[in-house]
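What follows is a short report on a single structure.
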Amino acid sequence: MQKVRAARLFRRYALAVAGSDDGVWDWDFEANQAFESVRARELQGLPRTPEVQPLDELLASLRVHPDDLAGRAEALRAHLCGEAPAYACEYRVLHPDGQYRWIRVRAMSVRDADGRACRMAGSVADIDARKRAEDALRESEQRFALAVAGANDGILDLDIVGDRMYVSERALGIVGLDPATPVRTRADWEALLLPRLHPDDAPRLVKALNHHPSQAGGGGTGELAHVGEYRIRHADGRYRWTRLRGMVVEDEAGQPLRWAGSISDIDDAKQAEAALRLSEERYELAVAGSSEGLWD
């Protein structure tokens, strides 16, 4: 009866191992034997067989990325010495096609009466897709950060659903705010900005925002894109011209998800336009008041 139960248990274990997406392994330190399931060997870039081989032979065949060797060794040492309750590590292994792939290894050891690890068993999982996605996201965020730092315009990005707004340092500087000013929500941003708008410009911006599709519920009647020029009062009391551009991103149902755009300092250009207009007006008045004819 015990043999039958043992056989059934073994079959269940074999089926579980065969049907798992993870690989399983079992190292016997005293016997110097290592069992690695077919899936475990596949994930580690090893030949499918043999499943059982001398432990030192197995360890010598693993081709861990040079940059990950130290971290893997330290995690293993910490667990075997009893400093860590479990062995857990993520690292890259070289496959026969010449590519390194990320795996996650977890295990626990069995200890003898003296507390020495005599056996260790665990699993190995394929995390290559996740790690590559994380790397791609990190690179994308770095590129965005460099683009923002090098841009002459300020960047605005509002997560409408989460009500979280990002305002770059350059954007804060353009509107005359301390770059360290904490801005978290749309209400925070409007509370800082709207009171400092020129009285002739504030109603236009408020109307544009109130009729913009980014309003809660998506009931706005405005366009997805908005461009406007507004004067903002700085600490010295002087109003400076800015240009605000933005666009709403909607989901498939037409509900607003995000509003992103930029703010530009156009005060010098506006001052030049005003000076040119004044000069032309003076010239026209001079011509109108002159009794002489002019030619060019």
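Residue count for the range 66-90 satisfying the condition of being open to solvent by 30 Å² or more (accessible area, probe 1.4 Å) and touching a strand residue (DSSP E or B) at 6+ places or on another chain (Cβ under 7 Å): 7.
Can you tell me which residues in the range 251-273 are touching a residue at least 60 places away in the same chain (Cβ under 8 Å) and among the charged types (D, E, K, R)? Scanning the range 251-273 gives 258, 265. Modelled with pLDDT of 75 or more, of a type in the set (A, V, I, L, M), surrounded by 11 or more Cβ atoms within 10 Å (Cβ to Cβ) and in contact with a strand residue (DSSP E or B) (Cβ under 7 Å, 6 or more places away or on another chain) - does that describe any residue in the range 248-255? Yes: one or more hits.
If the condition is being open to solvent by less than 50 Å² (accessible area, probe 1.4 Å), out of contact with any Leu (no Cβ under 9 Å at 6 or more places or on another chain) and part of a loop (DSSP other than H, G, I, E, B), then the range 30-52 contributes only 37.
Just need a number here: residues in the range 256-296 that are out of contact with any Phe, Trp or Tyr (no Cβ under 7 Å at 6 or more places or on another chain), modelled with pLDDT of 85 or more and among the aliphatic types (A, V, I, L, M). Final tally of qualifying residues: 5.
Residues that are open to solvent by 60 Å² or more (accessible area, probe 1.4 Å), at pLDDT 85 or above, part of a loop (DSSP other than H, G, I, E, B) and out of contact with any Pro (no Cβ under 9 Å at 6 or more places or on another chain) within the range 145-177 comprise just one, 163. Residue 131 satisfies every condition listed in (1) in contact with a strand residue (DSSP E or B) (Cβ under 6 Å, 6 or more places away or on another chain); (2) open to solvent by 50 Å² or more (accessible area, probe 1.4 Å); (3) not β-branched (Val, Ile, Thr) except (2). Quick check on the range 7-14. Is at least one of its residues more than 23 Å from residue 109 (Cα to Cα), at pLDDT below 95, open to solvent by 70 Å² or more (accessible area, probe 1.4 Å) and out of contact with any Pro (no Cβ under 7 Å at 6 or more places or on another chain)? Yes.
The values are calculated or read from the model by the stated rules, or taken from the named source; none is laboratory data. All of these numbers come straight from a predicted model, not from anything done at the bench. Note: ideal-geometry Cβ built from the backbone for every residue, glycine included; neighbour counts use all protein chains shown. SASA here: full protein model, heavy atoms, side chains in, ligands and nucleic acids out. Shrake-Rupley method; radii C 1.70, N 1.55, O 1.52, S 1.80 Å.
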